[in-house]
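Below is one structure, written out as structure tokens; the observations come after it.
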Amino acid sequence: MKIAIQFLLFSCVCICGQISYAQKANKERDSLLQILPKLPQDSVRFEALYTIGNSYKATNAYKARLYATQALQLAQQLHMDVAEADAYNLISATYRIESNYPLAKTYLLRAIPIWDQMKKPKGLSQGYNNLSNMLIEGEKNYDLALVYAKKALEINTKEGLTKYIPETYNQIGLVYKNKGNLEQARYYFLEAARLTEKGPADKQANLSMFFNNLSKVTLEQGQPKEALAWAQRATTINQRFDNQLSMTYSLENTARVYASLGNLKQAETLFAQALTLANQLKAPKRVLDIYKTMSDSYQQAGKTSQALAAYQRFHTLSDSVFTVERGHQLNELQIQYETTEKEQHINQLNRESELHQRQMIYLGSGSGLLLLLLGFSGWQYRRIQRSRTRISQQSDKLELLIKELHHRVKNNLALVSGLLNLQSYQPYNEQTLQVVRQRIEAMSLIHQRLYQTDLLTQVNIFDYLTDLTESLLRAYGFQPNELDLTIAIKVEWLDVDQAIPLGLIANEVITNALKYAYQKIDHTPSLHISLTNETALLFEVTDNGAGFDPAKWQKPNGSFGKQLIKALSAQLGGSYELDTGSTGTHFQLRMPKIA
């Protein structure tokens, strides 16, 4: 099959001079797309579909899956077992790129038994290697991941598949890196690079991956100069093969090293280059990873505001990527639904044709009772079919709702992780731990409210702010009769994407009032909280405490809580004001009005 595809490409494309690796791959794909409509339903068409899908894999997982699915259907029609397994593996890879590990694992586990049964050691080795990767990324089961990586290595060694051994060494190195055994990880990455340098020319491009991994490990081992050297070697390999996607990793790793060395200007330049290239390649997952690395690198360098800005950008783009992926999933669901409808329609036509033939046979001697029974059976059948269709549609809706809920949980856990990561760089004491606990409690209350209603995207904001305030009062030792509390909420429901940042802001402002406002007063403390939606969505918190020095609030960086309020206000598209004096403090956050 591959010989046939190569012949077709040679016949359709005349490539003059020397072109880059990426340009060649794009030209091959464009050529296959041109000849695809003319290809018959045979093994050559399968190879063309598979090659096109594989070429899209790195930059457009959804489009890659469309072609891989067509290849799978053709392989099943032609009873090509090994080709079917290869298509399953490619579909699995597209889901893994989208971080949909359950589906990725499902499709891979369909491929592995076929390779095993058909005695295909190359496919089986790659399958175990991929399964090891999923166990690392999706399940964090490093021990089982190591078992499957070593199974792949055993197959490659036993079957003489020496050209694939470096990739398996790299996979074992990744397992050890995630287990925290950096010395073992370094050994396997070095072995992967050493064998590749001695290996065939078509595998030399893989050196950039091994060098990038060595850069990460040596940086974690506290050797930034060596890490920089490995990252620069990876860049050289990527330039040689014009591997632009891999170049985004090299730029990202080099920037990470410069940030650790304190050269933030150079790091910022390289991060910007990596983001520009990733956007040009239309690789949203890479953009997300780069922003996450920027946030971690700036935080370790003590640039909290820059770290928080990068993390907020990461969090916003995560929602955008999920929305696109959800659209793709809906399209796939619609295609599956329409295909099922067509099949049911064809079956229905076949059944009606058979029924018509029977009627013609028995027409001469048939009876009214028989016709009545047939009519009743047809009516009953259609009624059952309509019921099944309704059940199927309800099931699809339920599945989408569950995916939406999982997405909300994932995003909020990511935000918790980010807050913990950023807070971990602050000096540790019991008070810091209590503040972190309160921020997580503020988010957990949102989920309690979500689970108590049938609405997965709306929160009763009055109940939520009341629960949050009462929780903070208990945390700081205030009894109900010790503080004059007024909660005036004129908005009943709020979208969860607004409720979470608003809740975190409320947590910071109310906490500051309870901790500091009432220490030096001789009158009954009071706290007024309101949320209105008139000319704008307006959130206000007012206390009658002793106030504080405004100059402290006006400092460029300030406390972590202040930076958090600033970032979350921007996320809500709003602006805040703070007035303080001897009669108390008034906080006001103005956001776009809810329609």
- Note on the structure: For the range 31-119, dividing by residue count, accessible area per residue (probe 1.4 Å) in Å² works out to 45
- Query: How large is the charge dipole for the range 31-119, taken about the Cα centre, if only the Cβ atoms of Lys, Arg (+1) and Asp, Glu (-1) carry charge, to the nearest 20 debye?
  - Reply: 240
- Item | HN-Hα J in Hz across the range 179-187 - Karplus 6.51, -1.76, 1.60, θ = phi - 60°, x for Gly and Pro | 7, x, 8, 5, 5, 5, 4, 4, 4
- Which of the trypsin sites (Lys or Arg not before Pro) found in the range 493-595 are in a DSSP loop and have at most 12 neighbouring Cβ atoms, other than their own, within 10 Å? Lys520, Lys593
- Message: At a 10 angstrom cut-off on C-beta neighbours, averaged per residue, how do the peptides 467-480, 294-307 rank from highest to lowest?
- Response: 294-307, 467-480
- Message: Quick check: net charge around Ser125, other residues with Cβ under 14 Å of its Cβ, Lys/Arg +1 and Asp/Glu -1?
- Response: +2
- If unit charges are put on Cβ atoms (+1 for Lys and Arg, -1 for Asp and Glu) and the dipole of the range 130-228 is taken about its Cα centre, the option from Tyr142, Leu195, Ser132 lying farthest towards the positive end turns out to be Leu195
- Task: Provide the net charge surrounding Glu540, with neighbours chosen by a C-beta distance below 14 Å and charges set as Lys +1, Arg +1, Asp -1, Glu -1.
- Result: -2
- Roll a 1.4 Å probe over the protein chains and send me the accessible area per residue for the range 264-318 in Å². 44
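The values are calculated or read from the model by the stated rules, or taken from the named source; none is laboratory data. This structure is a prediction, so every number in the text was calculated from the model and none was measured. Heads up, the Cβs are rebuilt from the backbone with ideal geometry, glycines too, and the neighbour counts pull from every protein chain shown. Only protein heavy atoms, including side chains, enter the accessible area calculation; ligands, DNA and RNA are left aside. Shrake-Rupley method; radii C 1.70, N 1.55, O 1.52, S 1.80 Å.
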